[in-house]
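Engineer: If you scroll down you'll find the structure; I have some questions about it.
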Amino acid sequence: MRWVSLALNPTYKEMAKVLAGESRFLRCIQLKTAIISWFEINMGTNSPCFKEYWETKSRISVMEKFGNANVYANNAKSILNKATGFIDYYDFTLNPYRGCQYGCSYCYAAAFSPNREMRKDWGNWVIIKQNAVEILEKELQKWHKKNPDKSPSIYMSSVTDPYQPIESKEKLTRRLLEVMVKYQPTLVIQTRSPMITRDIDILNQFQRLRINMSIPTGSESVRKDFEPRSPSIPARLNAIGKLVHNIPCDRNHDVRFSVTVTPLLPILPDEERAFIRKLEIVDRVVIQEFHASQNRSLVAGTREEAQTIKQKYAWWYDREQVNYLQFKQKLENLLPYVEIKEGKEGFGYE
Ligand code: SF4
């Protein structure tokens, strides 16, 4: 049918051709329908599984499918971006990817999606910054020209996880580490993926390194509700243990390890103590309350999906403040040799 083919592969010229010979009234209705279809298809607004999106006048098409995710590749203008807000202790943030295949229900980073539809589809797409390695080399050279006696401090990553499932194939984060190790920045890596252990051979060459493993709950059942696509809690605990035991901390390597329980999600009472005990392998535990969107900026608020899941855990959220304080107290009692920090303070290197 002409209208189907027009809607699927339209140009304005074709539209005019197809419309010739139709009655004026019908032509108006049909033209309107065709134009709407053209915009929906070409601007990627009609399907949760869109095949392309627009970025500053360029159309970016899906490169491949990896698991459930559409994978795109794009060039970034810069890779080291000025760190602000919560992590303004650092000179730069470094995000090798845009989007995140883990798609955690509470993730604020969805607010930084290229468009509204991709924000709704958070977790089902990821963009590889394909020129990241080249730009990083240039940007670090530039920094050192300006600051010959000072290494920058870098927080990787602030709005994605640097160990995306696609990283197993792309090795982009690994290649960025290979560049960084030559310049020896103060580096903090924030991840929830055991894939980081793949890079121990490079990580143990950094002189100032902190690794933050995100584990927001000690209960697997809660993890499955709030972040079903992310690695299991035992896998993350094993990974941080492996890092602690395989990365030297000596006179030449100031290496530190944290578990970030942020935002603190419910923990089943009979699993809490055992979880806390397992955290004694790190030197810092960071906690932070679960912020409802009304308490945060509209741009970077907690996603609605998490607000719905929270209702299942009314036994925890009805006394959220009390539970938070009690959990903090238990951390302090059971982990006397571990630094317990809250919120922003916990995300600094020192
Ligand atoms: S892993 Fe981090 S960036 Fe990715 S969805 Fe979860 S909270 Fe967001």
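The values are calculated or read from the model by the stated rules, or taken from the named source; none is laboratory data. These numbers were taken from a predicted model, which means no experiment stands behind them. In this analysis, Cβ positions are derived from the backbone assuming ideal geometry, glycine residues included, and neighbour counts consider all displayed protein chains.
Engineer: Say we look at the range 178-194 and pick out the residues that are touching a Pro at 6+ places or on another chain (Cβ under 9 Å) and without any contact (Cβ under 8 Å) to a residue 40 or more places away in the chain; which of these is farthest from the ligand (Cβ to nearest atom)?
Structural biologist: I189
Engineer: So is R223 farther than 23 Å from E137 by Cβ, in a helix (DSSP H, G or I) and within 13 Å of the ligand (Cβ to nearest atom) or not?
Structural biologist: yes
Engineer: If you don't mind, another one. Of the residues F92, F25, which single one is of a type in the set (F, W, Y) and either modelled with pLDDT of 50 or more or within 17 Å of V159 (Cβ to Cβ) (or both)? Before the answer, list the steps.
Structural biologist: Working: F25 fails: either modelled with pLDDT of 50 or more or within 17 Å of V159 (Cβ to Cβ) (or both).
None of the other options fit; the residue is F92.
Engineer: Which of the residues belonging to the range 109-134 are under 25 Å from F86 (Cα atoms), more than 16 Å from the chain's Cα centre (by Cα) and of a type in the set (A, V, I, L, M)?
Structural biologist: Scanning the range 109-134 gives a single hit, A132.
Engineer: Looking for whichever is surrounded by 20 or more Cβ atoms within 10 Å (Cβ to Cβ), away from the ligand (no atom under 16 Å from the Cβ) and not in a loop (DSSP other than H, G, I, E, B) here; the options are I154, I127, I135. Which one fits?
Structural biologist: I154
Engineer: Next question. May I ask you to say which residue of N70, N81, N95 is without any contact (Cβ under 8 Å) to a residue 60 or more places away in the chain and closer than 20 Å to T191 by Cβ?
Structural biologist: Values: N70 fails: closer than 20 Å to T191 by Cβ; N95 fails: without any contact (Cβ under 8 Å) to a residue 60 or more places away in the chain.
When all the criteria are applied, what remains is N81.
Engineer: Could you list, in sequence order, all residues of the range 193-220 that are of a type in the set (A, V, I, L, M), in a strand (DSSP E or B) and out of contact with any Lys or Arg (no Cβ under 7 Å at 6 or more places or on another chain)?
Structural biologist: Residues satisfying the conditions are L209, I211.
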